[in-house]
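Novice: Once you've had a glance at the structure underneath, I'll fire off some questions.
The values are calculated or read from the model by the stated rules, or taken from the named source; none is laboratory data. From a predicted model like this one, the values you see are computed outputs, not experimental measurements. Neighbour counts are summed over all protein chains in view; Cβ atoms, including those assigned to glycine, are modelled from backbone coordinates with ideal geometry.
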């Protein structure tokens with residue numbers, strides 16, 4: 001068994017569609033129930049076919065790999081494939097993931113590196129310009145950040161570092177043409 005097969009993959013349920021997609025070309029009663037979900041670790045969007053009559057609640061975690069009932073099969077989708085309900089839940093799910101593993105996302109501010117001679121990973125975060133980037137780099141030389149509050153306290157002008165991370169993740173999910181990814185679908189964080 002390969003490492004990819006052994007890795008547990010979990011996702012947060014964004015929407016449950018008991019009669020599948022409305023755009024499906026089959027009669028409503030012939031469509032299989034499906035779930036649209038967001039990967040907890042890699043921020044990939046998934047569509048999951050379910051077996052049986054289970055109807056998972058929005059916001060709950062579901063295990064995709066190793067395959068566990070009620071998951072029958074799953075595949076990756078794009079933001080444009082999301083139902084309106086899933087799209088509305090996306091920001092809440094991203095915020096829940098960030099809140100549940102705060103240290104992982106605080107580390108972004110500690111571990112971000114230059115991408116090119118003129119572009120730094122911190123520059124990719126919404127609202128972070130040259131001045132704020134330089135303040136973050138100076139503050140992290142003085143020691144690690146404990147949490148988002150510590151980050152906001154130590155960096156003048158960085159009022160809501162958590163929301164900056166959430167906004168960047170949403171941007172990466174919504175736009176397939178994002179050149180540099182920090183979080184979604186294979187980003188370094």
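Novice: Of 183, 189, 145, which residue is under 21 Å from residue 95 (Cα atoms), free of Cβ contacts under 8 Å to residues at least 40 places away in the same chain and in a loop (DSSP other than H, G, I, E, B)? Full working, then the answer.
Specialist: Numbers: 183 fails: free of Cβ contacts under 8 Å to residues at least 40 places away in the same chain; 189 fails: free of Cβ contacts under 8 Å to residues at least 40 places away in the same chain.
The match here is 145.
Novice: Give the stretch 127-142 a look and list any residue that's under 21 Å from residue 183 (Cα atoms) and part of a loop (DSSP other than H, G, I, E, B), or say none.
Specialist: 127, 128, 129
Novice: Exactly one condition in (1) assigned to a loop (DSSP other than H, G, I, E, B); (2) touching a strand residue (DSSP E or B) at 6+ places or on another chain (Cβ under 7 Å); (3) surrounded by 14 or more Cβ atoms within 10 Å (Cβ to Cβ); (4) modelled with pLDDT of 85 or more is false for residue 14; which is it?
Specialist: Failing condition for residue 14: (1).
Novice: Another question, if that's okay. Could you say whether any residue in the stretch 85-100 is more than 25 Å from residue 35 (Cβ to Cβ), surrounded by fewer than 19 Cβ atoms within 10 Å (Cβ to Cβ), under 21 Å from the mean Cα position of the chain (by Cα) and not assigned by TED's automatic domain parsing to the domain that holds residue 39? Working first, answer last.
Specialist: Keep residues of the stretch 85-100 that are more than 25 Å from residue 35 (Cβ to Cβ), which gives none.
Scanning the stretch 85-100, I find no residue that is more than 25 Å from residue 35 (Cβ to Cβ), surrounded by fewer than 19 Cβ atoms within 10 Å (Cβ to Cβ), under 21 Å from the mean Cα position of the chain (by Cα) and not assigned by TED's automatic domain parsing to the domain that holds residue 39, so the answer is no.
Novice: Give the stretch 56-74 a look and list any residue that's under 20 Å from residue 7 (Cα atoms) and over 16 Å from the mean Cα position of the chain (by Cα), or say none.
Specialist: 65, 66, 67, 68, 69, 70, 71, 72, 73, 74
Novice: In contact with a helix residue (DSSP H, G or I) (Cβ under 6 Å, 6 or more places away or on another chain), closer than 30 Å to residue 87 by Cβ and not in a helix (DSSP H, G or I) - does that describe any residue in the stretch 160-169?
Specialist: No, every residue in the stretch 160-169 fails to be in contact with a helix residue (DSSP H, G or I) (Cβ under 6 Å, 6 or more places away or on another chain), closer than 30 Å to residue 87 by Cβ and not in a helix (DSSP H, G or I).
Condition check ((1) surrounded by fewer than 19 Cβ atoms within 10 Å (Cβ to Cβ); (2) under 22 Å from the mean Cα position of the chain (by Cα); (3) in the same structural domain as residue 77 (by TED's automatic domain parsing)) across all residues:
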{"residue": "108", "(1), (2), (3)": "no, yes, no"}
{"residue": "111", "(1), (2), (3)": "yes, yes, no"}
{"residue": "114", "(1), (2), (3)": "yes, no, no"}
{"residue": "123", "(1), (2), (3)": "yes, yes, no"}
{"residue": "136", "(1), (2), (3)": "no, no, no"}
{"residue": "140", "(1), (2), (3)": "yes, no, no"}
{"residue": "160", "(1), (2), (3)": "yes, yes, no"}
{"residue": "165", "(1), (2), (3)": "no, yes, no"}
{"residue": "168", "(1), (2), (3)": "no, yes, no"}
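Novice: To continue, here is another question. What's the number of the condition residue 153 fails, among (1) surrounded by 12 or more Cβ atoms within 10 Å (Cβ to Cβ); (2) in a helix (DSSP H, G or I); (3) touching a residue at least 24 places away in the same chain (Cβ under 8 Å)?
Specialist: Against the list (1) surrounded by 12 or more Cβ atoms within 10 Å (Cβ to Cβ); (2) in a helix (DSSP H, G or I); (3) touching a residue at least 24 places away in the same chain (Cβ under 8 Å), residue 153 comes up short only on (3).
Novice: Can you tell me which residue is farthest from the chain's Cα centre (by Cα) among those in the stretch 30-55 that are modelled with pLDDT of 85 or more and surrounded by fewer than 18 Cβ atoms within 10 Å (Cβ to Cβ)?
Specialist: Checking each candidate, the answer is 49.
Novice: In addition: What single numbered condition from (1) assigned by TED's automatic domain parsing to the domain that holds residue 166; (2) touching a helix residue (DSSP H, G or I) at 6+ places or on another chain (Cβ under 9 Å); (3) exposed (fewer than 13 other Cβ atoms within 10 Å of the Cβ) fails to hold for residue 66?
Specialist: Checking residue 66 against (1) assigned by TED's automatic domain parsing to the domain that holds residue 166; (2) touching a helix residue (DSSP H, G or I) at 6+ places or on another chain (Cβ under 9 Å); (3) exposed (fewer than 13 other Cβ atoms within 10 Å of the Cβ), the one that fails is (1).
Novice: Which of the residues spanning the stretch 17-29 are at pLDDT 70 or above and over 30 Å from residue 166 (Cα atoms)?
Specialist: Within the stretch 17-29, 19 is the sole residue that qualifies.
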